[in-house]
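In what follows, a structure is listed as structure tokens, so that the remarks can point back to it.
The values are calculated or read from the model by the stated rules, or taken from the named source; none is laboratory data. Owing to the predicted nature of the structure, the values given are computational and were not obtained by experimental measurement. We place every Cβ from the backbone using ideal geometry, glycine too, and count neighbours over all the protein chains shown.
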Amino acid sequence: MTLVRPSRLVTLRSALLVAAVVGLWSVPSAPFVHQALAQAPTERQVVMFGVLATPGNQAMDPKISPVVAAQLRKTMPGYGFKLLQVKSQSVMTGQAVGLKLGDGFESSAMLLNALDPNGKVQLKFDLTHQGTSQFQSVVVTPTDQFNYFDKMLPNNSHLLIGVGAR
């Protein structure tokens, strides 16, 4: 059995106390954590675009980039594509970007959360026809990634709508 001398015991206790104090200093205090959350972004650049895809028409709108055009042709062969509108706008939480897509269709994306706890952007997507909501969805996505919606029209054309945020 080994006896610990009192001077060593005091040194051990002092070392443990110093370690505990240093450990507590390295843990953020509640006001610091609250301040960090308050500094989370409340603004994003929201980007939306609308494309009309028409069957039996091979025309490709020259405003559509060659890379996107190739992907559209691969996804929907036998369709022609016309860019209806593109909008990129900086918005605050609660604000929306809207597109007029023609024939009474409008689309919007409202910024719900610029950065959620998982590091993703949350947007509320809405497609309306003559003021009546046709489809709504909450989009939760990483920044710089588009989500696409496809609305088939009565004439077999498609409204292709992309929405994303940076």
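Taken over the range 70-115, the criterion of being acidic (Asp, Glu) and modelled with pLDDT of 95 or more is satisfied by Glu106 alone.
Go through the range 88-136 and give me each residue that's of a type in the set (D, E, K, R) and farther than 21 Å from Ser157 by Cβ. Reasoning before the result, please.
Residues of the range 88-136 that are of a type in the set (D, E, K, R), as a first pass: 100, 103, 106, 116, 120, 124, 126.
Scanning the range 88-136 gives Asp116, Lys120, Lys124.
The residue that is modelled with the lowest pLDDT, counting only those in the range 31-69 that are within 22 Å of the chain's Cα centre (by Cα) and exposed (fewer than 10 other Cβ atoms within 10 Å of the Cβ), is Leu37. Residues in the range 38-93 that are charged (D, E, K, R) and assigned to a strand (DSSP E or B): 4 in all. Among (1) at negative phi; (2) surrounded by fewer than 16 Cβ atoms within 10 Å (Cβ to Cβ), which single condition is Gly102 missing? The failed condition is (1).
Just so you know, in the range 115-163 the residues that are part of a strand (DSSP E or B) and among the hydroxyl-bearing types (Ser, Thr, Tyr) include one that is farthest from Leu52 (Cα to Cα), and it is Thr141.
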